[in-house]
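The values are calculated or read from the model by the stated rules, or taken from the named source; none is laboratory data. Everything quoted here is computed from the prediction, not taken from an experiment. Because the Cβ atoms are built from the backbone with ideal geometry, glycine has one as well, and the counts that use them run over all protein chains shown.
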Amino acid sequence: MGTFLQLVVDGLATGSIYAALALAIVLVNQSTGMINFAQGGMAVLSAYIAYVLTGWGVPLILAIVGAVVVSFALGAVVERLLVRRFEGGDPDTAIVVTIGLLTLVTGVCAWIWGYNNILFPSLFPLDTVDVLGAVVSIRSIGTILTIVVIMVLLQVLFIGTKLGLALRAVSFNPQSAALSGLPVGRLLMVGWGLAAALGAVAGALVAPELTLTPGMLDTSLVYALAAVIIGGLNSPIGAVVAAWAIGVLENLASVYIPLIGHDLKVVVPFILVFVVLILRPQGLFGRKVVVRV
Amino acid sequence: MTLLELTDVTAFYGPVQVLDGVSLEVPDGGAVGILGANGAGKTTTLRAISGMVRAGGRIVFDGYDIRGSRPEQTAHLGIAHVPEGRGTVGQFTVRENLRMGAYLRRDRRGIAEDVEYCLDLFPQLRERISSHGGMLSGGEQQMLAIARAFMAKPRLLMLDEASLGLAPGTAKTVYESIRRLRLETGIALLVVEQNANLAFSLVDTATVLETGRSVLTGTSAELKGMDEIRRAYLGG
């Protein structure tokens, strides 16, 4: 029982990292209709920015806040100067552009900070607590709670606020949105900015555990994309639940299913993706778009 | 007083000239029609006014030269455009579409009142208030598009083929609601319409376009039954 609980909590903590990236991907998709493959790379850059700030003697929490703010600006600038040229065009082109952006950002990080692993301080204490026989680190609990808070905030933003309504309107029907007076260009920048800020949080959460490298989030991005597909592209709650499910199932499978073990646990999310896409193509929590003519 | 004045407006789609000297005037609170055959430039004229296509010539709204403005800027000045194909957000509920229409407004109470007014004007929308726009019938979508535009509290409402694809009875209902809207709010209208009877039931005056140029302007009474009108509609 202790082992089982341990695996579940650890899975939730890992899943929370995937969830943070998945939320950023949902955010970009909800506000621009695109899938940003560079989301992980941009989050790594944000983590490096936080690392540089701590190097200047800025307290960790302020360094992370600073990285979040800088990332917001960077995300907005990337949208305005790069992505804007490909919006409204062929979606395949836009995807290739974001993949190119991923390569570029990763390369820039490697160029400036090198490929060596860099230690990144943890936001949460490294102590553990004993819960029903399982050893749970405070860091896991902190990570999970952070994600829950962000998820709730995003859900409220999209459903309950005027800004959220405007962001979604621009992604669904930019022409109609502009005719209603929505500043389409600025809203697209805000969408990318918010997603990059969210990515910065993900980067800061994961960096202490994985140590900082340019490719730190490459694997997580794959899991995050799986979570977004399973949970539904338009549902923050769905993305988080799916990311948690992936983290937990992957952990459990690696221990309880000998065939999978540690080496093959990466296939778990893909099996889930296949099953979900066959049974419910819009994702577990996604809303199917039905249009009458 | 003149609310909107177009003088020799031109517009191109790439190298193709679509408008070649369109002139018209909409008085404050007036209702003006744009008539003409397919391809005469009716839709482009509306798009030039709201800033969806770039135009030459002079476009003056409420004393401001708005030529070259973007759609969000003309919306700010009080122009609401219901584009051909309706322009609602299919993924939004009726209520969300109306909220989006009121994006530029800050007066909470006024917005709530106008939502009530729209639901009163189009009772079908009240029954479907939580349905997604894409699930509505064609007539309901058109009503929603008009309501969405009205929620911005515009001074000029531009309608592009509001009867397109609707059953005759539904089209008539929609036009009756527009007439009521005009009567009760004093909003000015600029209307593109293929169905002559519907158009003349609504507008005071109309401009006839032929290959991107204004060729004739007159009151509904003068224009009804003229040869040019028959030509404009039949494209002869």
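A few remarks follow.
- Selected residue (criterion: nearest to the chain's Cα centre (by Cα)) from residues of segment B:88-119 that are assigned to a loop (DSSP other than H, G, I, E, B) and crowded, with 23+ Cβ neighbours inside 10 Å: B:T88
- Filtered by the rule that a residue be in contact (Cβ under 8 Å) with a residue 24 or more places away in the chain and either out of contact with any helix residue (DSSP H, G or I) (no Cβ under 8 Å at 6 or more places or on another chain) or within 7 Å of chain B (Cβ to nearest Cβ) (or both), segment A:154-185 gives a lone residue, A:F172.
- Test result for B:T173, surrounded by fewer than 21 Cβ atoms within 10 Å (Cβ to Cβ), more than 14 Å from every other protein chain (Cβ to nearest Cβ), in contact with a strand residue (DSSP E or B) (Cβ under 9 Å, 6 or more places away or on another chain) and closer than 30 Å to B:A102 by Cα: no
- One residue stands out among those in segment B:120-129 that are away from chain A (no Cβ under 13 Å) and not in a helix (DSSP H, G or I): the one that is surrounded by the fewest Cβ atoms within 10 Å (Cβ to Cβ), which is B:I129.
- Residue in segment B:70-82 that is away from chain A (no Cβ under 12 Å) and either in contact with a strand residue (DSSP E or B) (Cβ under 8 Å, 6 or more places away or on another chain) or buried (at least 23 other Cβ atoms within 10 Å of the Cβ) (or both) present: no
- In segment A:9-40, the residues that are among the polar types (S, T, N, Q) and either part of a helix (DSSP H, G or I) or touching a Phe, Trp or Tyr at 6+ places or on another chain (Cβ under 7 Å) (or both): A:T14, A:S16, A:N29, A:Q30, A:S31, A:T32, A:Q39
- So A:G283, is it in contact (Cβ under 8 Å) with a residue 40 or more places away in the chain, under 23 Å from the mean Cα position of the chain (by Cα) and assigned to a loop (DSSP other than H, G, I, E, B): yes
- Qualifying position, being within 11 Å of chain A (Cβ to nearest Cβ), at positive phi and not small (G, A, S), among B:R99, B:R86: B:R86
- Tally of residues being at the interface with chain A (Cβ under 9 Å from one of its Cβ atoms), of a type in the set (G, A, S) and in a helix (DSSP H, G or I) across segment B:134-150: 4
- Residue satisfying all of: in segment A:207-232; within 13 Å of the chain's Cα centre (by Cα) and surrounded by fewer than 21 Cβ atoms within 10 Å (Cβ to Cβ); nearest to A:L45 (Cα to Cα) among these: A:D218
- Residue match in segment B:194-201 (condition: in contact (Cβ under 8 Å) with a residue 24 or more places away in the chain and either exposed (fewer than 15 other Cβ atoms within 10 Å of the Cβ) or not in a helix (DSSP H, G or I) (or both)): yes
- Of the candidates B:E84, B:E96, B:E116, the single residue that is touching a residue at least 60 places away in the same chain (Cβ under 8 Å), of a type in the set (D, E, K, R) and within 23 Å of B:R155 (Cα to Cα) is B:E84.
- Among the residues making up segment A:167-200, those that are assigned to a helix (DSSP H, G or I) and more than 21 Å from the chain's Cα centre (by Cα) are A:A169, A:V170, A:F172, A:P174, A:Q175, A:S176, A:A177, A:A178, A:L179, A:V184, A:G185, A:R186.
- Test: B:G110 is touching a residue at least 40 places away in the same chain (Cβ under 8 Å), small (G, A, S) and either more than 14 Å from every other protein chain (Cβ to nearest Cβ) or out of contact with any helix residue (DSSP H, G or I) (no Cβ under 9 Å at 6 or more places or on another chain) (or both): yes
- In the set (1) within 14 Å of chain B (Cβ to nearest Cβ); (2) not in a helix (DSSP H, G or I), the condition left unmet by A:P214 is number (1).
- Residue within segment A:241-258 that is touching a Ser or Thr at 6+ places or on another chain (Cβ under 7 Å), away from chain B (no Cβ under 14 Å) and modelled with pLDDT under 80 present: no
- Residues in segment A:74-98 that are loosely packed, with under 14 Cβ neighbours inside 10 Å and in a helix (DSSP H, G or I): A:L81, A:R85, A:P91, A:D92, A:T93, A:V96.
- Checked against the criterion of being under 20 Å from A:V44 (Cα atoms), at pLDDT below 95, within 21 Å of the chain's Cα centre (by Cα) and among the aliphatic types (A, V, I, L, M), the candidates A:V69, A:V83, A:V77 yield just one match: A:V83.
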